[in-house]
């Protein structure tokens with residue numbers, strides 16, 4: 001079945017450091033890929049997405065590029081802030097299967113220290 | 001614009017008691033609706049989804065059930081709670097033929 005593998009962390013960085021959280025997706029087709037963010041005590045918010053190969057999603061300084069060859073969608077930010085501390089989830093929906101369901105990774109806890 | 005509500009925000013219940021969590025969506029019609037559970041320190045587990053009124057699909061066998069009595073209302077229930085039912089329950093909606101799921105604020109359930 002479909003699966004999402006992401007770096008589990010936790011990840012601890014200093015403010016203004018560079019962030020990378022790896023994510024790869026295994027599916028029968030070419031999935032749409034998403035990054036969600038969950039701030040403490042809250043629900044998930046969509047951070048960015050890409051629906052086809054070579055698409056780049058970006059939002060709030062975060063970027064991720066859909067690499068077709070490896071079905072990877074690594075999340076990056078050039079300079080993190082304390083307010084970026086949250087849990088980040090990678091998710092995918094296989095275009096070849098049911099479009100009802102997303103497959104989520106296990107989440108990566110990011111802590112940014114001042 | 002669309003909004004999604006969940007209540008209660010927090011719930012503490014004794015083992016063996018019943019449960020009812022409610023989720024409602026505004027500003028859209030005929031959405032797909034989802035219930036997820038997030039146990040402490042773990043990822044998201046899809047529990048149920050619904051593509052229409054009265055249509056429920058269960059993803060994992062468990063102590064919980066779901067119902068969709070109205071187009072924009074999704075209810076998660078249990079007749080007798082277990083300790084293992086503790087967690088953070090998230091409701092989400094997705095428009096038909098759309099890419100993105102949108103999440104509610106969640107309900108934190110503690111079973112003692």
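Gyration tensor analysis over the Cα atoms of chain B returns equivalent ellipsoid semi-axes of 23, 14, 13 Å (largest first, whole Å). Placing one equal scatterer on every Cα of the range B:1-61 and applying the Debye formula, the log10 ratio I(q)/I(0) at q = 0.16, 0.21, 0.24 Å⁻¹ is -0.69, -1.12, -1.28. Sorted ascending by nearby beta carbons within 10 Å, beginning with the fewest, A:58, B:20 become B:20, A:58. For the range B:75-94 versus the range A:51-103, the spacing of their alpha-carbon centroids is 27 Å. Taking only the Cα atoms of the range A:33-75, the ratio Rg/Rh comes out at 1.03, with Rh defined as the Kirkwood radius.
In the range A:48-98, Cα pairs under 8 Å separated by at least six residues give a relative contact order of 21 percent.
Highest-first packing order for the peptide set B:71-77, A:30-36 is A:30-36, B:71-77, based on the mean count of other beta carbon atoms within 10 Å. Across all directions, the average flat footprint of the convex hull enclosing the Cα atoms of the range A:1-91 is 5.9 nm². The relative contact order of the range A:10-86 comes to 37 percent, based on Cα pairs under 8 Å that sit 6 or more residues apart. Taking max minus min of the alpha-carbon positions on each principal axis, the protein assembly as shown gives extents of 48, 40, 34 Å, largest first. Averaging the sequence gap over all C-alpha pairs within less than 8 Å and six or more residues apart, then dividing by the number of residues, gives chain B a relative contact order of 36 percent.
Throughout, read-outs are computed from the coordinates displayed, never taken from laboratory work. In this text, all values refer to a predicted model and were calculated from it rather than measured experimentally. For neighbour counting, all protein chains shown are included, and Cβ atoms are generated from backbone atoms with ideal geometry for every residue, glycine included.
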